[in-house]
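Read the structure below first, then the notes.
Please treat every number below as a calculation from the coordinates, not as lab data. What you are looking at is a predicted structure, and each value in this text was computed from that prediction instead of being measured. No Cβ is skipped: glycine too gets one built from the backbone with ideal geometry, and neighbour counts run over all protein chains shown.
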Amino acid sequence: MPPGATIGILGGGQLGRMSAMAAARLGYRCHVFAPDAGSPGMQIAAATTVAPYEDEAALRRFAAAADVVTFEFENVPAATLAALAPLAPCRPGVEVLRVCQDRVVEKEFLERAGVPVAPWRPVRSPEELEAAVAAIGLPAVLKTTRMGYDGRGQAVLRRAEDAEAAYAALEPKPLVLEAFVPFRAEVSAIAARGADGVAAVFDAVENRHRNHILDVSLAPARVPDAVAATARGHAVRVAAEFDLVGVLALEMFLLPDGTLLGNEIAPRPHNSGHWTIDACLASQFEQHVRAVAGLPLADPARHHDAVMANLIGPEGLAAWPRVVGDGRLAAHLYGKAEARPGRKLGHATRLLPLGSLADLAEADITAGL
Ligand SMILES: Nc1ncnc2c1ncn2[C@@H]1O[C@H](COP(=O)(O)OP(=O)(O)O)[C@@H](O)[C@H]1O
Ligand SMILES: [Mg+2]
């Protein structure tokens, strides 16, 4: 795509916003399509469409205005991308959305790509749940197959008596039961893949969650080299299996014996890759733009170690003056209208000399963040 061309982005959140910022750096324009006016992505877009994802006329106009279409969150209806596909190149394609919108299809896909996952069973009825608990054992995690994020749509079952209430409470059905993974760490890797099939993968990172929401990412993950290589290899294999043009994050669990189990695929830039904005030559967002625009990918090497902390909800907003006032932090705010509890409002990244994170004492890792 030549400079000045337009990237259409479905979704108005912070991932689209940061993608649009990366696109602007490369001389592209972005057209953000989302149901909510004034969303973080729209605030910085060259053009916007405020319409429901089902509005066919609006989608036609959007496709006509865009040289390529992408998405910034995977719960855009697959039918929306399918409607756009004949009208404009869609990267990634609708098949990627279909897989990542359904945890059962996603697990089957991961297994096919050679990434092991925790034992699981589909749960379409209370009887199937009972059989699944018998097969997998407890504790286990019951999840909706669709529309879950930031820990929403899941419940941990510790005792057999927990099953009935959890089954009734979780919507939409159907569900899936997974073995509870006694992980030593959560690790993710972000792979980009260009239109030419060439992949570039960032260093694997270690993720800490609070209330099921990503809290802190450490780049690189403090794991043996072989584990990091396996994590990155898994992400690249998943991208290749999709024939992906774009970026994806693969979330994994690291077991005490060094095994990595695949958890989720996010077929877009991911919160655990925000550190790349400040610690790499080209961020995950730029790689995404490069891929969908048909440009060669940039070198994903890390020039600093990094610790990224999310600013979440009212506490996150309260921390902002301190974060932005600390001239040694890279401070990012997303322009959200409301600081509702549990919402990701921004993040801060602390850069460290290359290779120094592994030796940092626990108390110093998030100091100042
Ligand atoms: N099977 C599991 N065993 C242990 N912890 C889990 C399991 N599934 C999810 N979790 C925890 O919950 C977090 C969110 O779950 P995930 O499946 O990634 O859903 P989402 O990110 O869409 O909310 C994970 O990052 C992990 O901390
Ligand atoms: Mg997740």
Please give the peptides 46-59, 346-359 ranked by average Cβ packing (other Cβ atoms within 10 Å per residue), highest first, as a rough proxy for protection.
346-359, 46-59
Could you give the length gained on full extension between Ala240 and Ala358, defined as 0.36 nm per residue of separation minus the Cα-Cα distance, in nm?
39.4 nm
As a check on your grasp of the helix formula, calculate [θ] at 222 nm for the chain: sum -39500 (n - 2.57) over DSSP H runs of n ≥ 4, divide by the residue count, round to the nearest 500.
-9000 deg cm²/dmol
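Let's test the formula: R0 of 30 Å, r as the Cβ-Cβ distance of Ala298 and Glu56. What FRET efficiency results, to the nearest 0.05?
On the way: r = 37 Å, r/R0 = 1.22.
Calculated value: 0.25.
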Kyte-Doolittle mean at least 1.6, axial Cα span of 30 Å or more - DSSP H helices of the chain
none
Which of Pro321, His288, Ala168 sits closest to the plus end of the dipole of the chain, meaning its Cα is farthest towards the positive end, when Lys and Arg get +1 and Asp and Glu get -1 on the C-beta?
Pro321
With springs only between Cα atoms under 10 Å apart, run a GNM on the chain and tell me which of Val323, Val198, Val104 wobbles the most.
Val198
Can you list the lysines whose alpha carbon is less than 23 Å from that of Lys344, not counting same-chain residues fewer than 8 positions off?
Lys143, Lys336
Sorted by average packing, counted as other Cβ atoms within 10 angstrom per residue and highest first, what order do 1-8, 65-72 take?
65-72, 1-8
Less than 13 Å apart at the alpha-carbon level, and either on another chain or at least 8 residues along: which aspartates and glutamates does that give for Lys173?
Asp102, Glu128
Can you tell me the order of 167-177, 268-278 when each peptide is scored by its average per-residue count of other Cβ atoms within 10 angstrom, highest first?
268-278, 167-177
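What is the order of His304, His234, fewest Cβ neighbours within 10 Å to most? Show your work: numbers first, answer last.
Numbers: His304 18, His234 25.
Result, fewest neighbours first: His304, His234.
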With the chain treated as a Gaussian network of Cα nodes joined by springs under 10 Å, which of Asp162, Asp36, Asp102 yields the largest mean-square fluctuation?
Asp162
Principal axes of region 185-365: Cα extent on each, largest first, Å
44, 40, 30
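When Lys344, Lys143 are ordered from fewest to most other Cβ atoms inside 10 Å of their Cβ, what list results?
On the way: Lys344 20, Lys143 23.
The most exposed by this proxy come first: Lys344, Lys143.
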Inter-centroid distance (Cα atoms) of region 96-116 relative to region 1-40, Å:
27
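Determine the percent antiparallel among the DSSP beta bridges restricted to the chain, to the nearest 5.
80
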Normalised by the number of residues in the chain, what is the relative contact order in percent for Cα pairs under 8 Å and 6+ residues apart?
14
